[in-house]
Every structure is written in structure tokens, then in C-alpha cells.
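Here's the structure we're looking at; comments come further down.
The values are calculated or read from the model by the stated rules, or taken from the named source; none is laboratory data. Owing to the predicted nature of the structure, the values given are computational and were not obtained by experimental measurement. Positions of Cβ are backbone-derived with ideal geometry, glycine not excepted, and every protein chain shown enters the neighbour counts. With ligands, DNA and RNA removed, areas are computed over all heavy atoms of the protein, side chains included. Shrake-Rupley method; radii C 1.70, N 1.55, O 1.52, S 1.80 Å.
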Amino acid sequence: METNLFDQLAFIRSQTLELLQGVTEELGDRMPAGFRNNIRWQLGHVYTVTEILALSQLNLPLHLPEGFMERFPYGTSPQDQIAISAPVPTIPELEQLLKNQPQRIRELLPVSRLNESAPTITTSTGLGLHTPEQSLRYNLYHEGIHFGIISVYKRLLSQN
């Protein structure tokens with residue numbers, strides 16, 4: 001059952017990556033009216049949160065390029081005036097990071113440690129995640145939310 005969790009992570013990620021078809025740098029930066037983020041931010045946020053949820057509880061090495069922790073956490077926006085010296089990642093760079101992440105997580109996180117009691121991660125909604133398995137399961141939900149947002153953004157932006 002635990003390996004199925006990694007298969008689910010890979011499947012959901014493949015769906016997110018399919019959404020990138022037709023997303024140009026220009027489209028990736030546009031924000032639909034009434035929203036405070038864009039497709040580029042959504043992709044960077046999904047990548048950053050997945051790293052944290054999958055690996056941080058067991059102190060496994062995170063692969064977060066420079067500037068990701070400042071640019072893509074919950075509550076941030078490309079509209080924020082934050083000084084980050086690192087360049088904004090391109091859509092192809094984000095695509096490559098997202099593509100490689102599920103396999104890297106599978107290699108770093110042993111199945112035998114999925115149910116280990118670990119320091120609790122509290123989500124933005126107040127849910128406490130006590131094991132890596134709980135965190136990965138929550139991540140499936142989280143990525144699904146952002147999949148839906150990206151789909152809506154693409155639809156809204158194609159109408160303009």
C-alpha cells in the first residue's frame with residue numbers, strides 16, 4: 001500500500017505536468033483579474049510545498065533552488081515587493097524540477113519510514129500531520145487544489 005502512495009504522487013504530478021502544455025513564459029506570468037498569483041507561482045509553490053511535506057519531517061535533504069523559500073511559500077504573491085537576488089525560474093526549469101521530484105522523493109524516503117512518528121507539520125488550515133505518510137497524503141490534496149487553479153487560470157487567460 002505504501003508504494004501505491006508514491007505511484008499516486010507520480011500520477012498526480014503527471015497530470016500537473018500535462019497542464020503545462022502551451023504555457024509560455026508570458027502566459028506563466030499573467031494574472032487573471034481578481035487573483036494575486038500566476039501559473040509560474042502555482043508551479044513553484046507546488047514544488048516547494050511538496051519538498052517540505054515529503055522530506056522535512058525526517059530531516060531528509062531538500063532540493064530547493066535559491067529563492068524558492070522566499071518566493072513560493074503560502075501567502076506570497078508575485079505582486080509582493082520582496083528583494084530576492086536569485087532569478088525567477090523559467091517555466092522549463094520549473095517543469096524539469098516538477099518532473100524529477102516524485103522519483104527523487106521515492107529514492108530518499110524509505111517506505112519503512114512512512115509511518116514513523118515525526119515532528120508535526122501544521123498546515124495553513126490547522127491540520128496536524130504527524131507522519132511522513134500523512135504529509136504525503138495531504139500533499140496529494142494540496143497539489144490537486146493547485147491543479148484546479150492552474151486549469152482555471154489557463155481558461156480565464158485564454159479568453160483575454
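Residue by residue through the range 1-31, note down the ones that are under 16 Å from ARG71 (Cβ atoms) and either of a type in the set (A, V, I, L, M) or open to solvent by less than 20 Å² (accessible area, probe 1.4 Å) (or both). GLY28, MET31, listed by residue number. Over 13 Å from the mean Cα position of the chain (by Cα) and assigned to a loop (DSSP other than H, G, I, E, B) - does that describe any residue in the range 146-157? For the range 146-157, residues over 13 Å from the mean Cα position of the chain (by Cα) and assigned to a loop (DSSP other than H, G, I, E, B): absent. Among the residues of the range 124-144, which ones are without any contact (Cβ under 8 Å) to a residue 60 or more places away in the chain and either farther than 16 Å from ILE52 by Cβ or in contact with a Leu (Cβ under 7 Å, 6 or more places away or on another chain) (or both)? Residue satisfying the conditions is GLY126 alone. Condition test on ASN4, is it free of Cβ contacts under 8 Å to residues at least 40 places away in the same chain and either in a helix (DSSP H, G or I) or under 15 Å from ILE145 (Cβ atoms) (or both)? In short, yes. Just one residue in the set SER112, SER135 is part of a helix (DSSP H, G or I) and open to solvent by 80 Å² or more (accessible area, probe 1.4 Å); that residue is SER112. Within the range 32-82, the residues that satisfy the criterion of being outside any loop (DSSP other than H, G, I, E, B), of a type in the set (A, V, I, L, M, F, W, C) and open to solvent by less than 80 Å² (accessible area, probe 1.4 Å) are ILE39, TRP41, LEU43, VAL46, VAL49, ILE52, LEU53, ALA54, LEU55, LEU58, PHE68.
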